[in-house]
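A short write-up of the structure that comes next.
The values are calculated or read from the model by the stated rules, or taken from the named source; none is laboratory data. What you are looking at is a predicted structure, and each value in this text was computed from that prediction instead of being measured. When we count neighbours, we look across all protein chains shown, and the Cβ atoms used for this are built from the backbone with ideal geometry, even at glycine.
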Amino acid sequence: MAGGDSDGSAGEASGALEPLTAGHLFFLLHHLVRQRETALGRELARMGLTLSQWQVLATLHRLDKATMGEVAAFCATDRTTLTRTVDRMVEDGLVQRDRDPVDRRQVHLILTGKGQGMFQRAMLDVTRFNDRIAGVLDPEQVERLQPMIRQVLVHVLEDRAWVDDLMAFRRLKAPEHAA
């Protein structure tokens, strides 16, 4: 910052902020998400879950059953990492793999009863955590964020149908994103 201390305290003291560039916006959003994930991961660890396991539980709860590609797409993770997470969840009895009776090559992931129970217990903590963190925003601010997030996602993903599915957290209509 020009005219300020290297720690940025002069800018903070005067209340002046530099204009937000696109690069800085995404830098800040990255940090927001990573810091939230780290803090939420600490909460989930008390239940014996990782953040990745929680994401799989939440996705399968929402979609009922899903392919590895669908889960990977919703969790925004690569299939190799997801496979390790799901393998562990299968070993722990939280998830089962079922072959599609029509197309035996297709495998669906489904929550077990134990997985559903773990989801329900974790959901209480995740909801409290999210409400506490998002509680700094009023409902109108949150509502104004949704169209802005959608607008940016459409330009990043270049596929309105996928963005609509993602925003509604519903089964993908566009199978090319389930890879």
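Looking at this structure, is ARG171 touching a residue at least 40 places away in the same chain (Cβ under 8 Å), over 24 Å from HIS30 (Cα atoms) and assigned to a loop (DSSP other than H, G, I, E, B)? Can you show your working first?
Details: touching a residue at least 40 places away in the same chain (Cβ under 8 Å): yes; over 24 Å from HIS30 (Cα atoms): yes; assigned to a loop (DSSP other than H, G, I, E, B): yes.
Against the criterion (touching a residue at least 40 places away in the same chain (Cβ under 8 Å), over 24 Å from HIS30 (Cα atoms) and assigned to a loop (DSSP other than H, G, I, E, B)), ARG171 qualifies.
One line per residue, one yes/no per condition, for (1) charged (D, E, K, R); (2) in contact with a helix residue (DSSP H, G or I) (Cβ under 7 Å, 6 or more places away or on another chain); (3) loosely packed, with under 12 Cβ neighbours inside 10 Å:
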position: ALA16; (1), (2), (3): no, no, yes
position: HIS30; (1), (2), (3): no, no, yes
position: ALA45; (1), (2), (3): no, no, yes
position: THR50; (1), (2), (3): no, yes, no
position: GLN55; (1), (2), (3): no, yes, no
position: CYS75; (1), (2), (3): no, yes, no
position: ASP87; (1), (2), (3): yes, no, no
position: LEU94; (1), (2), (3): no, yes, no
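Identify, please: which residue in region 113-122 is surrounded by fewer than 16 Cβ atoms within 10 Å (Cβ to Cβ) and touching a residue at least 12 places away in the same chain (Cβ under 8 Å) and is, among those, farthest from the chain's Cα centre (by Cα)? Walk me through it before giving the result.
First, the residues of region 113-122 that are surrounded by fewer than 16 Cβ atoms within 10 Å (Cβ to Cβ): 113-114, 116-117, 120-121.
Filter once more, keeping what is touching a residue at least 12 places away in the same chain (Cβ under 8 Å): 114, 116, 121.
Numbers: LYS114: 22, GLN116: 19, ARG121: 18 Å.
For region 113-122, the residue satisfying everything is LYS114.
So that you can scan it fast, the table gives a plain yes or no per residue for (1) in contact with a strand residue (DSSP E or B) (Cβ under 7 Å, 6 or more places away or on another chain); (2) among the hydroxyl-bearing types (Ser, Thr, Tyr):
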position: THR21; (1), (2): no, yes
position: LEU25; (1), (2): no, no
position: LYS65; (1), (2): yes, no
position: ALA73; (1), (2): no, no
position: ALA76; (1), (2): no, no
position: LEU82; (1), (2): no, no
**OP:** Quick one: which residue in VAL126, VAL136 is assigned to a loop (DSSP other than H, G, I, E, B) and of a type in the set (Val, Ile, Thr)?
**Re:** VAL136
**OP:** Hand me the list of helices (runs of 4 or more DSSP H) wholly inside region 21-108 holding 3 or more residues that are in contact (Cβ under 8 Å) with a residue 24 or more places away in the chain, among the β-branched types (Val, Ile, Thr) and outside the structural domain of ASN130 (by TED's automatic domain parsing).
**Re:** none
Subject >> Boolean, GLU176 is modelled with pLDDT of 90 or more and of a type outside the set (A, V, I, L, M) >> reply: no
